[in-house]
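Scroll down for the structure; my scribbles are underneath it.
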Amino acid sequence: MGCRSHMDNHEHRALGCRMVRCPTCGRGTPFEGNPYRPFCSRGCKGLDLIHWATEGYRIEGTPPEDGTDNEPDE
């Protein structure tokens, strides 16, 4: 019997499954046998995609000195 996402954490540890933290919610989830890896669920995977699509993930910084915004002109 391998690692499956429907098992609880105690069962995963007993089988020696490698656990990782979901980047969205922080819950422990198995690395192997997880169709949503590295996320714990379809919902967390979708939420991450929404953050990327709406530019929710950004690297803070100062605007360029030359006044350009590095965006293509339309």
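Tabulated values for the structure
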{"quantity": "Per-residue Cβ neighbour rank within 10 angstrom, fewest leading, 24, 62, 54, 29", "calculated": "62, 54, 24, 29"}
{"quantity": "Residue order, fewest to most beta carbons within 10 Å, for 50, 59", "calculated": "59, 50"}
{"quantity": "Under the Karplus curve 6.51 cos²θ - 1.76 cosθ + 1.60, θ = phi - 60°, whole-Hz ³J(HN,Hα) for segment 27-43, x wherever Gly or Pro sits", "calculated": "6, x, 8, x, 6, 7, x, 9, x, 9, 3, x, 7, 8, 7, 5, x"}
{"quantity": "Distant-in-sequence amide H partners of residue 20 (H built 1.01 Å from N, under 5 Å)", "calculated": "29, 31"}
{"quantity": "Summed residue charge, Cβ within 15 Å of residue 25's Cβ, Lys/Arg positive, Asp/Glu negative", "calculated": "+4"}
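Throughout, read-outs are computed from the coordinates displayed, never taken from laboratory work. Keep in mind the model is a prediction, meaning the values are calculated, not measured. Because the Cβ atoms are built from the backbone with ideal geometry, glycine has one as well, and the counts that use them run over all protein chains shown.
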